[in-house]
Amino acid sequence: VQLQASGGGLVQAGGSLRLSCSASGRTFIGYVMGWFRQAPGKEREFVAVISWTADNTHYADSVKGRFTISRDNAKNTVYLQMNSLKPEDTAVYYCAARGDQYIATRIFDYAYWGQGTLVTVSS
């Protein structure tokens, strides 16, 4: 599975962005999709995950209530709607795919990764 993330950019605190991640190369069917982020000088961390059927989602506490993960399986695309952005949300955001029915939050649970898209939130 090849993943291509897009939608990053510069936004003021309190603003919104929607990230997209398009999958290609193999069937999207059955894959759990996750979003992770890595801020400068910090380790990559879990942000959100969604099951194949979209009936199960999970969020990091730091983004709960502000971010929403969704997917359109017909378009092989997963989204991350980010609202009420804060300067501490500044990071490179990565989408990842897991060929398993169970959602997961650990980096090593995901076999496929996109190249990342930069989100910068100014104060």
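The values are calculated or read from the model by the stated rules, or taken from the named source; none is laboratory data. Just so you know, these numbers come straight off a predicted model, no measurement behind them. Because the Cβ atoms are built from the backbone with ideal geometry, glycine has one as well, and the counts that use them run over all protein chains shown. These accessible areas exclude ligands, DNA and RNA; they are computed on the full protein's heavy atoms, side chains included. Shrake-Rupley method; radii C 1.70, N 1.55, O 1.52, S 1.80 Å.
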(message) Is it the case, given these coordinates, that VAL47 is in contact with a helix residue (DSSP H, G or I) (Cβ under 6 Å, 6 or more places away or on another chain), at pLDDT 95 or above and either over 13 Å from CYS21 (Cα atoms) or open to solvent by 10 Å² or more (accessible area, probe 1.4 Å) (or both)?
(response) no
(message) Anything in the stretch 18-31 that is assigned to a strand (DSSP E or B) and surrounded by 23 or more Cβ atoms within 10 Å (Cβ to Cβ)? List them, or say none.
(response) LEU19, CYS21, ALA23
(request) Just give me the residues in the stretch 1-13 being in a loop (DSSP other than H, G, I, E, B) and touching a Leu at 6+ places or on another chain (Cβ under 7 Å), in sequence order. (result) GLY7, GLY8, ALA13
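To keep it simple, each residue is scored yes or no on (1) outside any loop (DSSP other than H, G, I, E, B); (2) touching a Cys at 6+ places or on another chain (Cβ under 8 Å); (3) over 17 Å from GLY30 (Cβ atoms).
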| position | (1), (2), (3) |
| --- | --- |
| ASP55 | no, no, no |
| SER62 | no, no, yes |
| ARG71 | yes, no, no |
| GLN81 | yes, no, yes |
| SER84 | no, no, yes |
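Could we say that GLY15 is under 13 Å from VAL119 (Cα atoms), over 16 Å from the mean Cα position of the chain (by Cα) and surrounded by 13 or more Cβ atoms within 10 Å (Cβ to Cβ) here?
Judged against the criteria, GLY15 is a match.
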